[in-house]
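Have a look at the structure below before the remarks.
The values are calculated or read from the model by the stated rules, or taken from the named source; none is laboratory data. A quick note: this is a predicted structure, and the numbers were derived from the prediction, not measured. For neighbour counting, all protein chains shown are included, and Cβ atoms are generated from backbone atoms with ideal geometry for every residue, glycine included. These area figures cover heavy atoms from the full protein model, side chains too; ligands, DNA and RNA do not enter into them. Shrake-Rupley method; radii C 1.70, N 1.55, O 1.52, S 1.80 Å.
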Amino acid sequence: MRIGVDYYPEQWDKSLWEKDAEIMARTGVKLIRIGEFAWSRIEPREGEYDLDWLDEVIGIFSRYTIGTVMCTPTSCPPLWLYEKHPEIIQVGADGQPIRTGIRAHRCINSPIFRDYAKKVTERLIRHFSGNPAIVAWQIDNELEAYPCTCSVCREKFRNWLIEKHDSIEGINKAFGSSVWSGEYSDISQIQPPNDYPKAWQNPALCLEWYRFTSECTADFVRDAMLTIRLEDTRVPITTNTWFCENTPDFYKLYELLDFVSYDNYPPVRIPDDPEDFYSHAFHLDLMRGIKGKGFWGMEQLSGSTGSWAPMSPAPKSGMIMGYAMQAMVRGAETVMHFRWRTALTGAEMHWHGILDHSNVPNRRFLEFSELCRRVSQLGILDSTRIVSEAAIIYSPEADAAFKIQPQVDGFCYLQQLKAFHSALTRFGANVDIVAPNTDLSQYKLVIAPSLYVNNKTVTENIYRFVINGGTLVLTARSGVKDENNNCIMDTLPTVFKELIGAEITEYDPIGRGEQVIRDFAGNEFRCRQWCDILRLSTARAYAEYNDGEYRCMPAVTMNRYCSGVAYYVGTICGSDFYESFISNLMMQTGIPKLKGLPRGVEVTTRTNGRDEYVCFFNNSEKPVVIPLPKPMYSMISVIGKDRLELRPFEMDIVRK
Ligand code: GLA
Ligand code: ZN
């Protein structure tokens, strides 16, 4: 585990480079990341490259034993390129070219842009390959599934659709375009979704557009990766990602890359809603699950965030260290803080780095120094990993389809995943968040909320898990759509009816309205948003509606299927229900539970096959005391302890 910083040598006077390197080395910084926005410095005029300054920077830092993550600078083409080839500029959903002057305006499908991107990438790689100071390559920066509607993208989209659906008739059929006289008679009539609300547009078209744009991003990454690999077979390659409106399919994006990297900005304000307490842990677990192994934090919270939004409060004492450690124990092998020093110029001057504009060591710097010191003492964790008995399935397709049709007031796909993740986290369980087609055989409990868009391979995977003895949870809005994002003429949850031993005779999108359910033990919970009314065949009721029109009708069911069990939760509840439900499921599946953890405390258990290390993180603003079942050795304070006293955002790690 190591700490690095994102560094922008092109934004600082040369005289600072060596001073920065010296202070970083003294502080314990092991890496810098450079270059992702520096194309205009790397190629100031077409075909004229200047790499001397990069040699100098990399050389200085390497003399201080600081390695470099080198980026391809393709996120920010220089203005001369936009001027010469305005056709490489992205076009918005409104059909208007995006105005340059900010960043990331290029159309990643433009062959002209791709050509220039390849040339500058090749130049960099040829120059730096074999340089032992380079420890990783980052492709571009925070690539999205860009909804560019330029002529190249339109053409490519049309060909992609024809390739997939064989013919115009095939596309019409898949899109159900007879609705509103939307039938295409010529391929040129096919347009990407426009800037009107998605609710007015064809959901089949919108989902295909998401798949297409997501694949284009993965293809751009694949190309850049091959360009790098041809010259450099040694250095691992990644691209950094985040959650945004146009989140690409992470599983496809990283398919060929060596590792995942995530830009990690936990909210500085602790959420008021207890259901959001573990949201950040969830994102980290999702990142770890993309490749089922360690990832990097390529950018990490370092100060008040702001610029595009009003400035946030400054990270509270303990947050700089705590959130970096939280990322590390959940799988981040390296954490790079964004950024070493806050920019003096440019739009981002109020997005704070570790050092403020003044460059005078501050409170955050002292905490950061302590973090570097602490991390250097935790080498023992490098050979450990997280083994989970529970998993939650994240489906990029469902996520995209729910963004197109949000269903009902208050409904949020990711929130559903988080509700289950929070409940498992409350009991100290490790949880993996995995792709729908992951081999599930290692898990005892799998939760697959709202598998909305059917996919035969995924359905078979889910059945296989239960047939082989697993315990599964499905929830409302499962099996609703065919692969084209169209509804199915069958009783819900269609392909999962047999598995859950029940069918939905009616559903009621109650939105912000509330109902009450009552479980088999007589506990009552409020539910909202959605009510599935279930008729049982082989299933039994776990909970029934307890008021209103649906009184005494099953809301949550349990069905034994082959050697396994399939639960179905036909409504959406608050955290009290998920905690009670998950507690029962953990008991039934034999997943150990830590009871009485103070709210906000996260537990991650890491193992090297011989020893187990239990990491306790107090993600709350209150000090907490956690009694340990027996005295354990603390890796942080290097003494035996029978209870842990954690300050806000403090972590302690004990050997079990
Ligand atoms: C993103 C980008 C960075 C920077 C930060 C802070 O994560 O990748 O370049 O803009 O946000 O705003
Ligand atoms: Zn385009």
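Here Met586 meets the list (1) crowded, with 16+ Cβ neighbours inside 10 Å; (2) modelled with pLDDT under 95 almost entirely, failing just condition (2).
Exactly one residue out of Tyr251, Tyr262 is away from ligand 1 (no atom under 15 Å from the Cβ), farther than 19 Å from Pro73 by Cβ and in the same structural domain as Lys119 (by TED's automatic domain parsing), and it is Tyr251. Looking across the stretch 99-117 at every residue that is more than 15 Å from ligand 1 (Cβ to nearest atom) and of a type in the set (Lys, Arg), the one that is nearest to Lys156 (Cα to Cα) is identified as Arg114. Only one of the listed residues (Gly67, Gly95, Gly59) is in contact (Cβ under 8 Å) with a residue 24 or more places away in the chain, surrounded by fewer than 16 Cβ atoms within 10 Å (Cβ to Cβ) and under 22 Å from Pro236 (Cα atoms). That residue is Gly59.
Taken together, the residues in the stretch 31-48 that are in contact (Cβ under 8 Å) with a residue 60 or more places away in the chain and under 18 Å from Ser302 (Cβ atoms) amount to 5. Inclusion of Ala174 among residues that are touching a residue at least 60 places away in the same chain (Cβ under 8 Å), outside the structural domain of Asn485 (by TED's automatic domain parsing) and either over 16 Å from Glu397 (Cα atoms) or part of a loop (DSSP other than H, G, I, E, B) (or both) is warranted.
When residues in the stretch 420-455 are screened for being assigned to a helix (DSSP H, G or I) and among the polar types (S, T, N, Q), 2 of them pass.
Would you mind stating whether Met558 is outside any loop (DSSP other than H, G, I, E, B) and buried (at least 19 other Cβ atoms within 10 Å of the Cβ)? The answer is yes for Met558. Condition first: charged (D, E, K, R) and open to solvent by less than 20 Å² (accessible area, probe 1.4 Å). Now tell me which residues in the stretch 260-287 satisfy that. Answer for the stretch 260-287, where residues must be charged (D, E, K, R) and open to solvent by less than 20 Å² (accessible area, probe 1.4 Å): Asp263, Asp285. Of Ile380, Ile386, all but one fail to be of a type in the set (Val, Ile, Thr) and at pLDDT 95 or above; the exception is Ile386.
Count of the stretch 615-636 residues, restricted to those that are within 20 Å of Asp382 (Cβ to Cβ) and either among the small types (Gly, Ala, Ser) or more than 24 Å from the chain's Cα centre (by Cα) (or both), is 4. Applying a threshold of 8 Å to beta carbon distances and a minimum spacing of six or more residues, or different chains, the list of pairs starting in the stretch 443-454 at a residue that is more than 13 Å from Asp482 (Cβ to Cβ) and in the same structural domain as Gly479 (by TED's automatic domain parsing) and ending at one that is acidic (Asp, Glu) and at pLDDT 95 or above reads Tyr443/Glu389; Tyr443/Asp432; Lys444/Glu389; Leu445/Glu389.
Can you confirm whether the stretch 128-135 contains a residue that is away from ligand 1 (no atom under 16 Å from the Cβ) and assigned to a helix (DSSP H, G or I)? Taking every residue of the stretch 128-135 in turn, at least one turns out to be away from ligand 1 (no atom under 16 Å from the Cβ) and assigned to a helix (DSSP H, G or I). Scanning the stretch 98-127 for residues that are within 16 Å of ligand 2 (Cβ to nearest atom), assigned to a loop (DSSP other than H, G, I, E, B) and not hydroxyl-bearing (Ser, Thr, Tyr) returns Ile98, Arg99, Ala104, His105, Cys107, Ile108, Asn109. Among the numbered conditions (1) of a type in the set (Val, Ile, Thr); (2) under 29 Å from Lys593 (Cβ atoms); (3) touching a helix residue (DSSP H, G or I) at 6+ places or on another chain (Cβ under 7 Å), the only one that Ile393 does not meet is (3). Does any residue of the stretch 456-466 turn out to be among the charged types (D, E, K, R), outside any helix (DSSP H, G or I) and open to solvent by 50 Å² or more (accessible area, probe 1.4 Å)? Among the residues of the stretch 456-466, not one is among the charged types (D, E, K, R), outside any helix (DSSP H, G or I) and open to solvent by 50 Å² or more (accessible area, probe 1.4 Å), which makes the answer no. May I ask you to verify whether Leu417 is assigned to a loop (DSSP other than H, G, I, E, B), surrounded by 19 or more Cβ atoms within 10 Å (Cβ to Cβ), touching a helix residue (DSSP H, G or I) at 6+ places or on another chain (Cβ under 8 Å) and of a type in the set (A, V, I, L, M)? Taking the combined requirement at face value, the residue does not satisfy it. Where strands (runs of 3 or more DSSP E) fall entirely within the stretch 609-656, those with at least 1 residues that are touching a helix residue (DSSP H, G or I) at 6+ places or on another chain (Cβ under 9 Å), touching a residue at least 12 places away in the same chain (Cβ under 8 Å) and surrounded by 13 or more Cβ atoms within 10 Å (Cβ to Cβ) are at 612-618, 651-655.
The residue that is farthest from Gln588 (Cα to Cα), among those in the stretch 472-492 that are in a strand (DSSP E or B) and more than 25 Å from the chain's Cα centre (by Cα), is Cys487. I'd like to know if the stretch 376-396 contains one or more residues that are touching a Phe, Trp or Tyr at 6+ places or on another chain (Cβ under 9 Å), open to solvent by 40 Å² or more (accessible area, probe 1.4 Å) and within 27 Å of Phe577 (Cβ to Cβ). Yes, because at least one residue in the stretch 376-396 is touching a Phe, Trp or Tyr at 6+ places or on another chain (Cβ under 9 Å), open to solvent by 40 Å² or more (accessible area, probe 1.4 Å) and within 27 Å of Phe577 (Cβ to Cβ).
Of all residues in the stretch 143-195, those being on the phi > 0 side of the Ramachandran plot and open to solvent by 60 Å² or more (accessible area, probe 1.4 Å) number 3.
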